[in-house]
1. When the dipole is taken about the Cα centre of the range B:35-204, and only Lys, Arg (+1) and Asp, Glu (-1) are charged at their Cβ, what size is it in debye, to the nearest 20?
2. Over the residues of the range B:1-129, compute the C-alpha Rg and express it relative to 2.2 N^0.38 Å.
3. Using only the Cα atoms of the range A:327-415, build the gyration tensor, take square roots of its eigenvalues as a ≥ b ≥ c, and label the shape rounded, prolate or oblate: rounded if a/c is under 1.5, else prolate if a/b is larger than b/c, else oblate.
4. Compare B:121, B:151, B:184 in a GNM of chain B, Cα atoms joined below 10 Å, and give the one with the largest fluctuation.
5. For residue A:279, list long-range residues whose amide hydrogen, built 1.01 Å from N in the peptide plane, is under 5 Å from its own amide hydrogen.
6. Mind running the shape call on the range A:124-167? Use the C-alpha gyration tensor, a ≥ b ≥ c as the square roots of the eigenvalues: rounded below 1.5 for a/c, prolate if a/b tops b/c, oblate otherwise.
7. Could you state, as a whole-number percent, how many of the C-alpha pairs of the range A:32-100 are farther apart than 17 Å?
8. From Cα pairs below 8 angstrom and at least 6 apart in sequence, can you work out the relative contact order of chain A, rounded to a whole percent?
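Each value in this text was obtained by applying a stated rule to the coordinates, not by laboratory testing. These figures come from a predicted structure and were not determined experimentally. Here the Cβ positions follow ideal geometry from the backbone for every residue, glycine too, while neighbour counts run over all protein chains shown.
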Amino acid sequence: MDSHAIDSNLNFYEAKRGLFSWIFTLDHKRIALLYLYSISLFFLVGVALGFLMRLELFSPGGQVMDPRTYNQVFTFHGVIMIFLVIIPSIPAVFGNFFLPIMIGTDDVALPRLNLFSWWLYIIGALMALGTLMFGNGPADTGWTFYAPYSVTSDTNVSMLLLAAFVLGFSSILTGLNFIVTIHRLRAPQMPWFKMPLFAWGLYATAWIQLLATPIVGITLLMVVMERTFGIGLFDPALGGDPVLYQHLFWIYSHPVVYVMILPAMGIVSEVIPTSAQRTIFGYKAIALSSMAIAFLGYFVWGHHMFTSGMSDEARVVFSFITFLVAIPTAIKVFNWIATLYKGSIYITPNLLWSTAFIFNFLIGGLTGLINGALAADVHVHDTTYIVAHFHYTMFGGTIFVFLGALHYWFPKIWGRMYNQKLAYWALGFTFVGFNILYGAMLTVGVKGMPRRYYDYLPQFEFLNKVATVGSWILILGILLMIYNLIRSARKGEIAPRNPWNGVTLEWQVPSPPPLHNFDRPFILSENGPYDFSLLEKINEVEQKPLDH
Amino acid sequence: MGYYKVPISGHNRDDEGSKLGMWLFLFTEILLFGGLFLVYAIYRFKYFEEFRIIAEHMDITLGAANTVILITSSLTVALSITAMKKDQDNIAVLLLFITIALALAFMVNKFFEWNEHIHHGLVMGADLFNNLQHGEGMFLFLYYFMTGLHGLHVVVGAIILAIVIAKIINGKITKDNYTFHENGGLYWHLVDLIWIYLFPLFYLLH
Ligand code: HEM
Ligand SMILES: [Cu+2]
């Protein structure tokens with residue numbers, strides 16, 4: 001094709017210039033960065049709201065806001081973190097950037113759809129922000145929009161629901177794009193079971209995005225209709241059924257937790273072999289366990305509703321299937337540990353972020369088993385224990401991996417190395433602060449402190465103070481990390497092609513990659529994606545660069 | 001200095017890939033409506049009698065006419081694709097125009113039907129409606145919601161077919177490159193298919 005007469009000495013930043021070359025780009029790498037910058041922005045907004053909530057909970061009684069504002073803050077915090085940050089996070093940023101490179105091609109299958117997804121994301125984000133300005137203030141229902149309160153609240157719930165609808169659409173289209181990409185564009189020498197595990201994680205995720213998101217979309221639309229026409233779909237005062245809403249909501253919103261975690265597990269499955277310099281243990285088991293989790297994930301939504309009114313039979317079945325999910329999850333963890341065991345481990349901040357993930361996710365997962373057990377859940381339901389549990393999985397799990405991935409692929413994306421020393425410090429603060437904050441919330445929750453309250457009984461004061469101090473350390477760590485990465489992206493040492501000695505395809509292209517990704521034929525092993533006997537051959541390229 | 005062209009490029013034309021994308025999108029559409037069908041089933045089960053009684057007010061003739069219209073339009077779309085394959089552009093365009101005309105006829109019918117109901121006060125907010133049983137109101141609400149959402153899909157489908165026409169005229173869709181045309185047709189069949197389920201649920205089940 002004609003437009004391809006592009007010099008491979010130019011990286012994808014230099015190939016084109018100007019604002020429009022970014023916001024209307026069809027290049028998967030640029031779209032990834034558009035997502036990265038928008039998601040990071042919203043992440044910081046979400047963090048600021050979290051900071052405010054913790055400030056409010058520093059002492060009993062009102063501190064910095066009134067109860068209604070507190071409700072609006074945790075709702076906005078939840079909606080931002082879920083719909084604007086964590087759902088798109090890894091697929092839209094690292095999936096977009098690295099999936100095509102890792103399977104040996106030059107773009108996703110449907111580039112225009114890819115750009116459209118980002119625009120939908122921006123439109124959805126603007127709609128969500130619009131609730132701050134239009135109507136009777138932002139929603140105060142909690143991110144779950146439970147009926148009947150979401151029907152009767154006088155705040156601007158409808159617009160937020162429509163925003164979530166649009167964001168869901170964006171997520172669906174990203175998933176669709178990845179499925180087509182993986183089916184159609186894998187390199188000829190790369191059959192399914194020779195794909196990098198990150199691609200497997202994205203593939204399983206994409207199916208969930210595709211098959212679960214429409215349900216929540218239509219459900220949220222139903223709430224909008226209910227608010228507009230007062231018909232009594234979900235509002236019991238009008239003869240509706242609020243439990244029906246919960247079913248419809250969780251049919252999506254449980255599977256979506258795997259949209260959040262499966263790509264993260266995929267990334268950990270990349271970082272660990274590279275750090276241990278050996279092939280992954282149990283490749284097929286890890287790949288297929290992603291699919292198993294995706295599949296089982298459809299049948300466990302009832303565990304969010306143990307106290308909402310369901311038959312005992314249903315509750316026992318949901319509880320049992322929930323336990324089953326632990327099996328494929330544990331398969332992954334054991335395989336990661338087995339890969340590290342007796343490997344020649346290179347300790348880098350990348351690896352430590354991944355091990356911090358394993359630690360946090362262990363707590364998140366084990367506390368999850370307690371919620372999954374019927375009898376125990378009745379006691380911890382709707383306490384800050386639950387809040388701590390899902391922060392351990394989503395924040396300590398997915399977001400930690402997201403930040404770790406930012407370090408792992410940093411040299412590839414920006415072509416420079418980051419400051420390792422600062423990176424260790426940032427990770428240290430983040431990890432310690434994180435565990436103080438949510439460890440304290442976990443404990444105070446077991447003691448009975450309810451969630452979503454702006455006030456609490458005096459006996460909870462000590463642990464709440466601990467939690468708030470933890471949040472300061474945590475935020476300090478995050479800010480330090482951001483400072484380090486931004487500074488390094490501009491001033492860091494120039495990165496080689498393969499700083500961590502990886503063998504997957506992204507380490508065989510220049511850092512940062514040229515517009516069409518590859519500047520020479522890539523090397524693939526017969527023995528799967530993590531064959532480190534190829535390392536020498538791969539690294540030869542760097543020693544005698546062809547074009548420079 | 002050139003660049004290395006990967007063996008399987010995302011910038012190549014890939015008809016299979018485009019069709020796969022369309023099929024996946026159709027899955028999501030079916031699930032979107034699936035949520036509504038589920039709610040319909042639940043409330044029909046709960047208010048069996050009331051659903052039955054209020055359904056008597058539906059105009060079966062108009063509904064049946066619209067069913068025939070949509071099925072015919074599915075046929076004309078399919079024929080237009082066949083015509084395209086045989087390089088008969090003019091016939092393909094003509095058949096697409098007929099399809100869009102049928103879509104228009106469907107919407108006009110729909111308009112009169114809704115208008116009639118609204119005129120009689122069988123609509124959210126009207127006094128008559130407020131005095132109905134809850135189940136009856138629910139039926140009407142779901143009727144407006146589901147056929148309304150479907151109507152929106154009819155409009156979108158017609159717009160897509162109009163784009164297909166434009167592309168044929170501009171020579172962008174040809175005998176050897178008609179995937180966009182096929183995808184437009186697939187979408188149109190989905191619109192038809194959903195109606196095939198809506199029709200009995202709202203008009204025929206008494
Ligand atoms: C510095 C970071 C963060 C802090 C200090 C923080 C703090 C909090 C607090 C105190 C609450 C509970 C309020 C209550 O129930 O009374 C909360 C709720 C929540 N957080 Fe965070 N959080 C942070 C980061 C995150 C991240 C990264 C995510 C997800 C990726 C997240 C997702 C949520 C969700 C979904 C809720 C529930 C909102 C609701 O109840 O509707 N948070 N957060
Ligand atoms: Cu769940």
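1. Values: 9 positive and 13 negative charges, 118 e Å.
The dipole of the range B:35-204 has a size of about 560 debye.
2. Numbers: Rg = 22.5 Å, N = 129, 2.2 N^0.38 = 13.9 Å.
Expressed relative to 2.2 N^0.38 Å, the Cα Rg reads 1.61.
3. Because a/c hits 1.5 or more and a/b fails to exceed b/c, the range A:327-415 counts as oblate.
4. B:121
5. A:532
6. Numbers: a/c = 2.34, a/b = 1.30, b/c = 1.80.
Oblate shape, in that a/c is at least 1.5 and b/c is the bigger or equal ratio.
7. When every Cα pair of the range A:32-100 is considered, 49 percent fall beyond 17 Å.
8. Normalised by residue count, the contact order of chain A is 17 percent.
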